[in-house]
Amino acid sequence: MNDVRTIPVLQTAKKSRFSLRKKTILSLCFTASFLIIITIVGVLCSDTAVTTDFTQKNFAPSIEHLFGTDWLGRDMLARTLRGLSISIFIGLGASTVSAVIALILGTMAATLGNKVDTVITWLVDLLMGIPHLLLLILISFALGKGTFGVIVAVALSHWPGLTRVLRGEILQIKEEDYVKIAQKMGQSRCKIAIKHIFPHIFPQFIVGLILLFPHAILHEASITFLGFGLPPEQPGIGNILSESMSYLSMGMWWLAVFPGIALLITVILFDSVGSNLRKLIDPFSAQD
């Protein structure tokens, strides 16, 4: 009788998990599609974002200009979308490089012995002990600022956390029986890493890569806002917010409010993509 009574309960739990998975997939598709649309529209608005029209300057938000115009008559909606697309491209490049560095160093630390592990762990602790923004500014300034300096600065400063996570995952996998059997059969460390370790940590690598995006975007905007990032003529979100500071006292609040909200929404959407992807890969994370 007890087994019969548990059948409806199991079916209900199964339906609940299927419904949750379906909602997660829909949310993931929606947020990813929205971000792709923002990026594409931002690229298409590249010319409009820098076009000046002094007959339209300092206009408040209206139907014609949803985000208003600035002191040069440039449409703030086009500039905001262009700035977001620039931030997304920079975040994509920097996060990818940073994640690859984390994968390489995490694998080396977990597979090449105690000495290598000690050196890499010390390097991770050293970089995580330095104030993040200060490290970004120093690297970007040393490389002459600009797009290249920003990408390198973000890439070289965001890998320690993911390295630590991947190192821990690989150390656990190394204790599995199939890895020990492969070692006793004489397989090389490189072959074991490619065949037995990488396939198991690839989901964590992808999730970690996506979760680096919001940090990369925010830090790019931060150092650009402080004058150590993108050049002033490039309509990055950091430049837009920095320029708006001089006009807030004149009542032109829309120059900072709308770009700031758009940046915040973009960061939240990227974080949502990473969280939903983690739920699909590891369903137990949804219960945390």
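The values are calculated or read from the model by the stated rules, or taken from the named source; none is laboratory data. Keep in mind that what you see is a predicted model, and the values were worked out from it rather than measured. For neighbour counting, all protein chains shown are included, and Cβ atoms are generated from backbone atoms with ideal geometry for every residue, glycine included.
So which residues in the stretch 212-235 are of a type in the set (Asp, Glu) and crowded, with 23+ Cβ neighbours inside 10 Å, if there are any at all? Spell out the reasoning first.
So in the stretch 212-235, the residues of a type in the set (Asp, Glu) come out as 220, 233.
Listed by number, the list holds a single entry, 220.
Mind listing just one residue for me: the one in the stretch 89-124 that is surrounded by fewer than 22 Cβ atoms within 10 Å (Cβ to Cβ) and closer than 30 Å to residue 263 by Cα and, of those, nearest to the chain's Cα centre (by Cα)?
92
Is it the case that the stretch 241-249 has a residue that's touching a helix residue (DSSP H, G or I) at 6+ places or on another chain (Cβ under 8 Å), surrounded by 15 or more Cβ atoms within 10 Å (Cβ to Cβ), under 30 Å from residue 106 (Cα atoms) and not hydroxyl-bearing (Ser, Thr, Tyr)? Walk me through how you get there before you give the answer.
Filtering the stretch 241-249 for residues touching a helix residue (DSSP H, G or I) at 6+ places or on another chain (Cβ under 8 Å) gives 241-245, 247-248.
Retained after the next criterion (residues that are surrounded by 15 or more Cβ atoms within 10 Å (Cβ to Cβ)): 241-244, 247.
Keeping just the survivors that are under 30 Å from residue 106 (Cα atoms) gives none.
No, the conditions are met nowhere in the stretch 241-249.
Out of all the residues in the stretch 118-127, is one or more touching a Leu at 6+ places or on another chain (Cβ under 8 Å), in contact (Cβ under 8 Å) with a residue 60 or more places away in the chain and not β-branched (Val, Ile, Thr)?
no
Among the residues of the stretch 31-50, which ones are in contact with a strand residue (DSSP E or B) (Cβ under 8 Å, 6 or more places away or on another chain) and free of Cβ contacts under 8 Å to residues at least 60 places away in the same chain? Let's see the steps before the verdict.
Here is the first cut: in the stretch 31-50, the residues in contact with a strand residue (DSSP E or B) (Cβ under 8 Å, 6 or more places away or on another chain) are 48-49.
Hit for the stretch 31-50 is 48, nothing else.
Given the condition at pLDDT below 90, out of contact with any Gly (no Cβ under 6 Å at 6 or more places or on another chain) and closer than 25 Å to residue 262 by Cα, answer yes or no: does some residue in the stretch 164-181 qualify?
No: zero hits.
Show me the helices (runs of 4 or more DSSP H) found entirely inside the stretch 189-276 where at least 2 residues are among the aromatic types (Phe, Trp, Tyr). Reasoning before the result, please.
Numbers: elements: 189-192, 198-225, 237-244.
Here the list reads 198-225.
Say whether the condition of being surrounded by 15 or more Cβ atoms within 10 Å (Cβ to Cβ), more than 19 Å from the chain's Cα centre (by Cα), more than 30 Å from residue 228 (Cα to Cα) and not β-branched (Val, Ile, Thr) is met by at least one residue in the stretch 169-179.
From the stretch 169-179, those surrounded by 15 or more Cβ atoms within 10 Å (Cβ to Cβ) are 169-170, 173-174, 179; that's our starting set.
Now restrict to residues that are more than 19 Å from the chain's Cα centre (by Cα): 169-170, 173-174, 179.
Cutting the leftovers down to more than 30 Å from residue 228 (Cα to Cα) gives us 169-170, 173-174, 179.
Next, only the ones that are not β-branched (Val, Ile, Thr) stay: 169, 174.
Scanning the stretch 169-179, I find at least one residue that is surrounded by 15 or more Cβ atoms within 10 Å (Cβ to Cβ), more than 19 Å from the chain's Cα centre (by Cα), more than 30 Å from residue 228 (Cα to Cα) and not β-branched (Val, Ile, Thr), so the answer is yes.
Could you tell me whether the stretch 55-72 includes any residue that is at pLDDT 85 or above, more than 20 Å from the chain's Cα centre (by Cα) and assigned to a strand (DSSP E or B)?
Yes, the stretch 55-72 contains a residue that is at pLDDT 85 or above, more than 20 Å from the chain's Cα centre (by Cα) and assigned to a strand (DSSP E or B).
Right, residue 145: surrounded by fewer than 21 Cβ atoms within 10 Å (Cβ to Cβ), out of contact with any Asp or Glu (no Cβ under 7 Å at 6 or more places or on another chain) and either over 25 Å from residue 270 (Cβ atoms) or small (Gly, Ala, Ser) (or both) or not? Break it down stepwise before answering.
Numbers: surrounded by fewer than 21 Cβ atoms within 10 Å (Cβ to Cβ): yes; out of contact with any Asp or Glu (no Cβ under 7 Å at 6 or more places or on another chain): yes; either over 25 Å from residue 270 (Cβ atoms) or small (Gly, Ala, Ser) (or both): no.
Here the answer is no, as residue 145 does not meet what is asked.
If I filter the stretch 84-103 for residues that are over 20 Å from residue 153 (Cα atoms), among the aliphatic types (A, V, I, L, M) and in a helix (DSSP H, G or I), do I get at least one hit? I'd like the intermediate steps shown before the answer.
If we filter the stretch 84-103 for residues that are over 20 Å from residue 153 (Cα atoms), which is where we start, we get none.
Within the stretch 84-103 (the criterion being over 20 Å from residue 153 (Cα atoms), among the aliphatic types (A, V, I, L, M) and in a helix (DSSP H, G or I)), the answer is no, since none of the residues qualifies.
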